[in-house]
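Step one of this worksheet: look at the structure below.
We did not get these values from a lab; they are worked out from the coordinates using the rules stated. In this text, all values refer to a predicted model and were calculated from it rather than measured experimentally. In this analysis, Cβ positions are derived from the backbone assuming ideal geometry, glycine residues included, and neighbour counts consider all displayed protein chains.
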Amino acid sequence: MNQPYVDKLDGVEEDVHPIDKWLRTDMLPHIWCPGCGLGIVLNAYVKAAEKAHIPREKRVVVSGIGCSGRAAGYLNQDSYHTTHGRPIPFAAGIKLARPDLNVTVISGDGDLFAIGGNHFVHAARRNMDLKILCINNFNYGMTGGQSGPTTPLGAKTSTTPYGCYEHPLNLPWLAATCGAVYVARWTTLDARRLRDSITEALMKKGFCFIEIISPCPVGYGKPNKIGSGLDEMKMYLDKWDMRPPNWIFEESSNPRDAEIDLGKPIIVGKFVDIQKPTFLELYWQIIPHREEKIPVREAEKLPRWGRKELPRK
């Protein structure tokens, strides 16, 4: 994999791509449309994990259903492609069983906040030690471009041909109010800041959430006459409102102001960066090895998965 290869079409010798070692190259070419931003997100995650010095054997990625869910299949590391709306509880189970692992969820706005919304709320409330990368392209791109929980008011999709008439979720505000310890939003245009933000999240304990605004030229760009993926990223550049790089959550930077509306600036930056105990830290603080205090005879009545083997006297 690390050796130069020869292009069979014209015989031009080229070096391998710098992140080939982190990809399942046998799964390529990918299925993502031209102009889609998911490749940028995947690249940002890989480089962030390297920058955070997290070894491959300690990294796990979980995804759900949708275009974003294909990320798990392309990564050359432990990864799981789960059912629709269920990547967060699946990832929580991995973290509870193996607290030593760094567990990241890469999925889309529909998967995480429509059918999966309840799981997001309670994982954030519990401060599960998970890193959530939500790729928001404002629609269900894989299944036909239907409107979703983040589609802006007035935007056209296959199910809202006259414009969306439902108020969208403000994802940074939702994450902050549910208890996330790290909340940020970037676009795929801001690839380096996205990489650095993911690095911060990977190195932080607790429930970390990053929303990534990404082009979907086919499902969202075409019905709204935006143009190509490059045209949509140019729109981000023209309309975004860039806050200082270390924008910490305080009264003057309320994530409530981060609502996305057609024709208005897209606010990006870091909204929340706080410290508080994780679910497992509180669990072991309140219940410190209680099963070891149970008499042997009582312990034998417990199911095997619910007790440790205790030494007999």
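Observations, loosely collected:
- For MET27, MET235, the sequence from fewest to most other C-beta atoms within 10 Å is MET27, MET235.
- Ranked LEU169, LEU237, criterion: other C-beta atoms within 10 Å, fewest first: LEU237, LEU169
- Three-way shape label, region 19-165, alpha-carbon gyration tensor, a/c 1.5: oblate
- Amide hydrogen proximity for ILE213: with H placed 1.01 Å from N in the peptide plane, the residues at 5 or more positions away or on another chain lying under 5 Å are ASN136, TRP186, THR187, THR188.
- Added length on full extension, which subtracts the Cα-Cα distance from 0.36 nm per residue, LYS58 to ILE115: 17.6 nm
- Gain on full stretching of the segment that runs from ASP20 to ALA97 - 0.36 nm per residue minus C-alpha separation: 24.7 nm
- Residue-wise HN-Hα coupling along region 69-81, computed from phi with Karplus coefficients 6.51, -1.76, 1.60 (Hz; x: Gly, Pro): x, 6, 4, 4, x, 9, 8, 8, 6, 5, 8, 9, 9
- Mean shadow area of region 22-276 over all directions, Cα convex hull, nm²: 12.2 nm²
- A cut-off of 5 Å between modelled amide H atoms, ignoring neighbours fewer than 5 places along the same chain, links VAL62 with TYR80, THR104, VAL105, ILE106.
- Applied to region 260-276, the Karplus parametrisation 6.51 cos²θ - 1.76 cosθ + 1.60 on θ = phi - 60° returns per-residue 3J(HN,Hα) values of 9, 9, 4, x, 10, x, 8, 7, 10, x, 9, 9, 9, 8, 10, 10, 6 Hz, with x for Gly and Pro.
- Sorting 204-210, 158-164 by their mean Cβ neighbour count within 10 Å, with the most densely packed peptide first, gives 204-210, 158-164.
- Here the 3J(HN,Hα) profile of region 211-224, calculated from phi with Karplus coefficients 6.51, -1.76 and 1.60 at θ = phi - 60°, is 8, 10, 6, 9, x, 10, x, 7, x, 10, x, 5, x, 9 Hz, Gly and Pro shown as x.
- Less than 5 angstrom separates the built amide H of ARG24 from those of LEU75, ASN76, all sequence-distant by 5 or more or on a different chain.
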